[in-house]
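No lab work stands behind these numbers, since they all come straight from the coordinates. Everything numeric in this text was worked out from a predicted model, so none of it was measured. For neighbour counting, all protein chains shown are included, and Cβ atoms are generated from backbone atoms with ideal geometry for every residue, glycine included.
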Amino acid sequence: MKPVYLDYAATTPMDERVQDAMQEAARLFFGNPSSVHSLGQEATAAIRKARLEVAALIDAEPEDIFFTSGGTESDNALIKGIFFDRKRRELPCHIVTSVIEHSAVRESCGFCKWMGADVTAIPVDSDGVVEELAFAAALRADTALATIMLANNEVGTLEPIEELAALCRARNIPFHTDAVQAVGHIPISVKKLGVDALSFSGHKLYGPKGIGVLYLRRGVSVYPLLEGGGQERGMRSGTENVPAIVGLGEAARLARENMQQEMVQLESFQKYLQSAINEIEGTFQNGGALKLPGNFNFGIHGIASEDLLMRLDIEGFAVSAGSACNAGAVEPSSVLLSMGRSPAEALESIRVSMGRFTRRKELEDFVGTLQRLAREMRQ
Ligand code: PLP
């Protein structure tokens, strides 16, 4: 039997319609988009079409969309790109970020710090929401960038991006958001949010892995991470991955088409899990009310998530924990610790993430198995 997949926040299965579009693109559009002959121009046209779909998904101008290799590259390109640009102009560089960012943002900021930038990481409250007052207080005359994620990948908390971006706009500070977990799942308009840059990734919205987007508003000065042939208007050199770009375009089209219906479905699943898991003795939930519809993070006192995940896997359920396994030792999630959870609670927490292909019956089976395992493991 196929395992029940409840790990959509880690990655999503590729939609069959995306697979079909990619296969066709690989067959038909093999020309190099930089070639002037018609085969090259057909590939260019396929990229242009995908760029329009992607731009429409986040309400951006197509000229502000840059294809990258994924969320990690988009985050690196933007953060390091701003730092390099400041360095080139011999300007100081202060970066404001949060304590709950994905490692792609956290480590990029760490790299800039190592290279001489000053970095301030803003704390979060017990729901995982970035503290607005602390954020405003951290902005300085030499702040070159603020980067705060739109939705957290462990607890699904939605951050007050519109408010934070407005604080930056009033001070002329570029604002970037890592929206990898959110794009394709909730409505997003870069115009309404007022952000200057936004990252997202194909494999989190039923598209292919190894493709992502950096939205960058014109006028924001960023030094490109990759030098070379000058593709993507000089922002991202390297021959374009045409099938993956076409796949992402199709994934973006499908996301727009299905989003409203999927949100309603996932919200009802989330409510179901919330009340069903509440019934299990000794459970606690992580994250506040304002979160991504498909995400549910919880723990059971006295049961290590590592053991529970293994038992669930044997029973046919693919679920993850927020804790990272480093050289054999399980570390408590820094996100949960910064929300005020104890190390023990953080090591008892697991994340259930649902998506397009989740069925209510699968969740009922999951809850039943969890109830049984919790009983058995306690004894
Ligand atoms: N940012 C967030 C919030 C993520 O959840 C992820 C992936 O898990 C990434 C960045 C990295 O994206 P990618 O896997 O496309 O490099």
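FRET efficiency for K2 and Q261, Cβ-Cβ distance as r, R0 = 22 Å, nearest 0.05? Efficiency at R0 = 22 Å is approximately 0.40. Loop-located trypsin sites (Lys or Arg not before Pro) in the stretch 1-91 (DSSP state other than H, G, I, E, B) with a sparse environment of at most 14 neighbouring Cβ atoms within 10 Å: R89.
A dipole drawn for the chain from +1 and -1 charges on Cβ atoms has a positive end, and of A252, Q265, I314 the residue lying farthest that way is A252. Starting from the Cα gyration tensor of the stretch 53-178, take the square roots of the eigenvalues, sort them a ≥ b ≥ c, and report rounded, prolate or oblate (rounded when a/c is under 1.5, otherwise prolate if a/b is larger than b/c, else oblate). Cα axes put the stretch 53-178 in the rounded bin.
For the stretch 1-107, divide the Cα radius of gyration by the Kirkwood radius and give the resulting Rg/Rh value with two decimals.
1.07
Indicate the gyration tensor shape class of the stretch 231-334 (rounded, prolate or oblate), computed on the Cα atoms with a ≥ b ≥ c the square roots of the eigenvalues: a/c under 1.5 is rounded; otherwise a/b larger than b/c is prolate and the rest oblate. Kindly include the intermediate steps, with their values, before the conclusion.
On the way: a/c = 2.62, a/b = 1.56, b/c = 1.69.
The shape class here is oblate.
Considering only DSSP beta bridges with both partners in the chain, what is the antiparallel share in %, to the nearest 5? Kindly include the intermediate steps, with their values, before the conclusion.
Values: 25 of 42 bridges.
Counting DSSP beta bridges with both partners in the chain, the antiparallel share is about 60 percent.
Which of the peptides 218-228, 340-350, 178-188 is most tightly packed, and how do the rest follow, going by the mean number of other Cβ atoms within 10 Å of each residue?
Numbers: 218-228: 14.5, 340-350: 19.0, 178-188: 25.5.
Highest-to-lowest ranking by the protection proxy: 178-188, 340-350, 218-228.
Think of the chain as a dipole: +1 on every Lys or Arg Cβ, -1 on every Asp or Glu Cβ, centred on the Cα centre; then among G116, S35, T147, S35 lies furthest on the positive end. In the stretch 16-254, the ratio of gyration radius to Kirkwood radius, Rg to Rh, stands at 0.98 when only Cα atoms are counted.
The fraction of Cα-Cα pairs per 5 angstrom bin, counted from 0 for the stretch 136-203, comes to 4, 17, 30, 23, 14, 8, 3, 0 percent, rounded to whole percents. Cross-linked pairs K204/K291; K49/K209; K87/K204: Cα-Cα separations exceed 22 Å for K87/K204. Under a model in which nothing but the beta-carbon of Lys, Arg (+1) and Asp, Glu (-1) is charged, the stretch 209-336 shows a dipole of about 720 debye around its Cα centre. Charges were assigned to the Cβ only: +1 to each Lys and Arg, -1 to each Asp and Glu. The resulting dipole of the stretch 67-157 about its Cα centre is roughly 520 debye. A Cβ-based charge dipole, computed about the Cα centre of the stretch 16-254 with Lys and Arg at +1 and Asp and Glu at -1, lands at about 660 debye.
Here the label points at A324 and A289, each 7 Å from Cα along the C-beta direction, are separated by 3.3 nm in the simple model.
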